[in-house]
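Beneath this line is the structure, given in structure tokens, with notes to follow.
The values are calculated or read from the model by the stated rules, or taken from the named source; none is laboratory data. All values reported here derive from a predicted model rather than from experimental measurement. With ideal geometry, Cβ positions are generated from the backbone for all residues, glycine too; neighbour counts draw on all protein chains shown.
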Amino acid sequence: MQQAAEHAARRNAEAAEKARFEATTPKKAGASRTEPPRHHHQRASSQNQRLIHGAWEMYEDRWKAMNDGHFPLPGQLLSFTDIPWPIAGPIHSVEQLEDGRLGGFLLSNVPSGLDQAKLLKQRIRDTMLRFHPDRFEGRWIPHVVEADRAAVKEGVGRVVRFLNEISGKLA
């Protein structure tokens, strides 16, 4: 209920800002739609960077918890959605493991500079080690709910194929 109210308030504030912008911006001759203010694009880009950064932190934290034995808890099984897949945002099916989403996550949030290529290669290597089919199957598949095992194996295959493709391009 509170989320709905916050969402409505945010929508109203955005609508008011748009109305103020349109009222104060002269229209170009023949233009039917005004361009959004540049600061809006910069704010969205900054917000997207924060979301990606947060997704990376969650991804790394979940892998650390799994590797340290804190997740899953003894007697608890993993579902497909419990696996820390290398994408930003929630995932509910193997079809969501698309190259665009994988690349959008794995190839983002890398500091620019002389070592950018080296950092990207290391990130790809680390992800490959996590999702190596034999290693993943031996370590994690026994902890996955039986009904989700085929989807998890297919997801691992999709991730590895993407990583192999990207590794070839980075070489």
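Details
- Helices (runs of 4 or more DSSP H) fully within the stretch 58-171 that include at least 2 residues being loosely packed, with under 15 Cβ neighbours inside 10 Å and within 21 Å of the chain's Cα centre (by Cα): 99-106, 116-131, 149-170.
- Test for Arg50: is it modelled with pLDDT under 70, assigned to a helix (DSSP H, G or I), more than 15 Å from Trp140 (Cβ to Cβ) and under 24 Å from the mean Cα position of the chain (by Cα): no
- Only one entry of Lys153, Lys169, Lys118 meets the criterion of being at pLDDT 95 or above and among the basic types (Lys, Arg), and that entry is Lys153.
- Residue among Ala5, Ala13 that alone is modelled with pLDDT under 90, surrounded by fewer than 10 Cβ atoms within 10 Å (Cβ to Cβ) and not in a loop (DSSP other than H, G, I, E, B): Ala5
- All positions within the stretch 110-153 that are touching a residue at least 60 places away in the same chain (Cβ under 8 Å) and of a type in the set (Gly, Ala, Ser): Ala151
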